[in-house]
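The values are calculated or read from the model by the stated rules, or taken from the named source; none is laboratory data. For clarity, every value in this text was computed on a predicted model and none was experimentally measured. All Cβ positions, glycine included, derive from the backbone under ideal geometry; neighbour counts span all protein chains shown. Ligands, DNA and RNA are excluded from the accessible area calculation, which covers all protein heavy atoms including side chains. Shrake-Rupley method; radii C 1.70, N 1.55, O 1.52, S 1.80 Å.
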Number of protein chains: 2
Amino acid sequence: MAFTDTIPDNCPPRTHAAKRVSILEAATDVFCREGYAGANIDMIAAEAGVSRQTVYNHHGDKEKLFIAVVRALTERTNAGIFATLARFPDQPQDLESDLTEFAVRLNRNCICNSDGKHLRKLIEMEGQRYPELFAGWREEGPGKTWTALAARFARLAHAGHLELDNPDIAARQFLGLINAELDVSMALGDKIDEHRARSAASNAVRTFLRAFGRH
Amino acid sequence: MAFTDTIPDNCPPRTHAAKRVSILEAATDVFCREGYAGANIDMIAAEAGVSRQTVYNHHGDKEKLFIAVVRALTERTNAGIFATLARFPDQPQDLESDLTEFAVRLNRNCICNSDGKHLRKLIEMEGQRYPELFAGWREEGPGKTWTALAARFARLAHAGHLELDNPDIAARQFLGLINAELDVSMALGDKIDEHRARSAASNAVRTFLRAFGRH
DNA sequence: GACGATTTGGACAATGCTGTCTAGAAAAAT
DNA sequence: ATTTTTCTAGACAGCATTGTCCAAATCGTC
């Protein structure tokens, strides 16, 4: 037995886990670039620097591999969103600039980064084919994000910083405004530079505050 | 020669054209459902009620067929958007309800209808692989839509119905707000019923007017 | 250094798809 | 009615891909 006490039965140590990760990363890239049907295991193996057999050893199946990719991506993306959400300006010094900073982070770290783009593309491409798989994402992702963000806005309103009648709708519209200037570029895979992310965020926040700010 | 004088060289009459259309429709469905790589000619032929050879006769190639599909879809969608744009409320009776009506039409006839969903999906799936093809869409579609809509808003502002400092940004944000509540459902392929389209539009317009309406 | 587990690279059958080709049926044009 | 064109259905070669199998090489551990 090559197993170590501290690591459970099915997981031999060292490079094993490292390879599993590179395979997952390579698979993410290839699936996103080529789509599920267009991706082939040899590409993934080559891009992971691993033999084809190893891919099969780790993930068993093209479909299982795809599912693993989506799960990993969803988890990372959700974690990122909540990490950013944790820095929401609950006691803002300057509401506009604090909210803008928050929006910039949301764009940069969650929506326009590679995980965000990848996940978005996989959902758009294969969402219909794997309804159960992405139903999970929907509840854990947008579902919880919206209510969490809505709660933050409600608190701001309660503290007198905003005038809202429906925090839930406001939360969605906040996200919609943030994406308004970027979604076409995102769909075509353009690179979004820091400057565009900032100006998109600041325009969004300005309008948001025109609608819901205290005057 | 079986050609008629009134019809150019390459286009024999009757059912020929009809079949070309059914092939294009079937191809649109199949490409959207399965992605480019996942689609196969036999499916398309079967769904069009036509033999495989006929597909090749009409469009020559899987790739040429795909390009024809995208072109047709882009043209129809753009035409639809400009038709809707032509009914923009330039002399509004009741700004809020007129804008809402406009937004509902935009959702129902351009964005959430089957052409809109198909085009969106193809762009998301294959946009990277055919940059030139979709660059055309971008200029003719979103590009012109934005400036046209911005011009309408600018006129409304000039007539004293809105308070805008940047009609261009306002136009994009208007579209962003309209989609804010729908994009997740769209990505997962849900059916958007009339009621949801209306409430999304009316929420969007209410917020838009809170930001840019005259008070 | 010896052991067990993992990895490699290559071969392999099975399958599915593209695009071509054919001969005959069907449809349109004359 | 005849002729020309398009359509069908199926066969076909060529190719790519999936997933399995195996012997040899490699790696980590004892």
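What the table shows:
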item	result
Index of the failed condition, A:Leu182 passing every other in (1) surrounded by 15 or more Cβ atoms within 10 Å (Cβ to Cβ); (2) more than 13 Å from chain B (Cβ to nearest Cβ); (3) in contact (Cβ under 8 Å) with a residue 60 or more places away in the chain	(2)
Meets criteria (assigned to a helix (DSSP H, G or I), modelled with pLDDT of 95 or more and more than 27 Å from B:Ala148 (Cβ to Cβ)) for B:Val104	no
Yes/no for A:Thr74 being more than 27 Å from A:Leu177 (Cα to Cα) and either buried (at least 18 other Cβ atoms within 10 Å of the Cβ) or not assigned by TED's automatic domain parsing to the domain that holds A:Thr147 (or both)	no
Pair list, Cβ < 9 Å and 6+ apart or interchain, from the range A:29-47 residues that are without any contact (Cβ under 8 Å) to a residue 40 or more places away in the chain to residues that are surrounded by 19 or more Cβ atoms within 10 Å (Cβ to Cβ) and not in a helix (DSSP H, G or I)	A:Val30/A:Ala39; A:Arg33/A:Ala39; A:Ala37/B:Ala39
Filter pass, A:Glu96 being among the acidic types (Asp, Glu), part of a helix (DSSP H, G or I) and outside the structural domain of A:Gly189 (by TED's automatic domain parsing)	no
Which numbered condition B:Arg210 fails, given (1) free of Cβ contacts under 8 Å to residues at least 24 places away in the same chain; (2) buried (at least 19 other Cβ atoms within 10 Å of the Cβ); (3) within 25 Å of A:Arg210 (Cα to Cα)	(2)
Qualifying positions in the range A:137-153 - among the small types (Gly, Ala, Ser) and either without any contact (Cβ under 8 Å) to a residue 40 or more places away in the chain or in contact with a Lys or Arg (Cβ under 8 Å, 6 or more places away or on another chain) (or both)	A:Gly143, A:Ala150, A:Ala151
Search result, residues across the range B:116-167 that are assigned to a helix (DSSP H, G or I), open to solvent by less than 20 Å² (accessible area, probe 1.4 Å) and more than 9 Å from every other protein chain (Cβ to nearest Cβ)	B:Gly116, B:Leu119, B:Leu122, B:Thr145, B:Leu149, B:Ala150, B:Phe153, B:Leu156
Failed criterion for B:Leu85 (all others in (1) away from chain A (no Cβ under 14 Å); (2) free of Cβ contacts under 8 Å to residues at least 60 places away in the same chain hold)	(2)
Verdict on B:Asp90 being of a type in the set (D, E, K, R) and in a helix (DSSP H, G or I)	no
First in the range A:156-175 and on the phi < 0 side of the Ramachandran plot, second anywhere and assigned to a loop (DSSP other than H, G, I, E, B), Cβ under 7 Å, 6 or more apart	A:Ala157/A:Glu163; A:Ala157/A:Leu164; A:His161/A:Pro92; A:His161/A:Arg214; A:Leu162/A:Arg214; A:Glu163/A:Arg214; A:Ala170/A:Leu164; A:Arg172/B:Glu181
Residue match in the range A:187-198 (condition: free of Cβ contacts under 8 Å to residues at least 40 places away in the same chain and at the interface with chain B (Cβ under 8 Å from one of its Cβ atoms))	yes
Test for B:Val104: is it in the same structural domain as B:Ala37 (by TED's automatic domain parsing) and open to solvent by less than 20 Å² (accessible area, probe 1.4 Å)	no
